[in-house]
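Just below is one structure, and these are the notes that go with it.
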């Protein structure tokens, strides 16, 4: 007959101490992380994905999740690429206007010197102009389709909230971005 602790361990899905992988010195191995596989399985179940898809890095963002769902229920690869280009353009725009919450990266054109070169000024002007043209393209498309593209851009793309009821708006936004970036 199993003890009360044994029954509780089985109910929770925890392995017996004897069944755990061990290092040569006898300590419990940390290389096999059972919690990680459980978390991946929970994410897959919650999002309606396979375990392999849940392990994909795209599953961490809403647009990546929509891309993993595919063209029918989510967004296509071209739409996903256009959304990533928009996010990159927005990050560059924030750097160009020296926004306080802009994210710096090593490969970016942001200059950390106190001296401002002519090429940096040209890059800033080009980036600002390109971002404004992108915003105009989104507004034109929103006027045509009469959907909430700015809400989808702000909430789903920029902030990364999982707003499943806005999946159609995200699709339309990505279509507008495809036309702008000519993906």
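The values are calculated or read from the model by the stated rules, or taken from the named source; none is laboratory data. From a predicted model like this one, the values you see are computed outputs, not experimental measurements. Every residue, glycine as well, gets a Cβ built from its backbone with ideal geometry; the counts of neighbours run over all protein chains shown.
The residues of region 1-48 that are in a loop (DSSP other than H, G, I, E, B), out of contact with any strand residue (DSSP E or B) (no Cβ under 6 Å at 6 or more places or on another chain), surrounded by 10 or more Cβ atoms within 10 Å (Cβ to Cβ) and modelled with pLDDT of 70 or more, listed by number, are 21, 23, 48. Only a single item in (1) over 20 Å from residue 153 (Cα atoms); (2) at pLDDT 95 or above is not met by residue 51, and it is number (2). Name every residue in region 59-75 that is modelled with pLDDT of 90 or more and either crowded, with 18+ Cβ neighbours inside 10 Å or under 15 Å from residue 160 (Cβ atoms) (or both), in order of residue number. Answer for region 59-75, where residues must be modelled with pLDDT of 90 or more and either crowded, with 18+ Cβ neighbours inside 10 Å or under 15 Å from residue 160 (Cβ atoms) (or both): 61, 62, 63, 64, 65, 66, 67, 68, 74, 75. For residue 160, state whether it is surrounded by 12 or more Cβ atoms within 10 Å (Cβ to Cβ) and on the phi > 0 side of the Ramachandran plot. So residue 160 fits the description; yes. All of 90, 162, 171 fail the test of being outside any helix (DSSP H, G or I) and in contact (Cβ under 8 Å) with a residue 60 or more places away in the chain, apart from 162.
Mind listing whichever residues of region 97-121 are more than 26 Å from the chain's Cα centre (by Cα), surrounded by 11 or more Cβ atoms within 10 Å (Cβ to Cβ) and modelled with pLDDT of 90 or more?
Within region 97-121, the first condition is being more than 26 Å from the chain's Cα centre (by Cα), and the residues that meet it are 111-121.
Adding the requirement that they be surrounded by 11 or more Cβ atoms within 10 Å (Cβ to Cβ) leaves 111, 120-121.
Within region 97-121, 120, 121 qualify.
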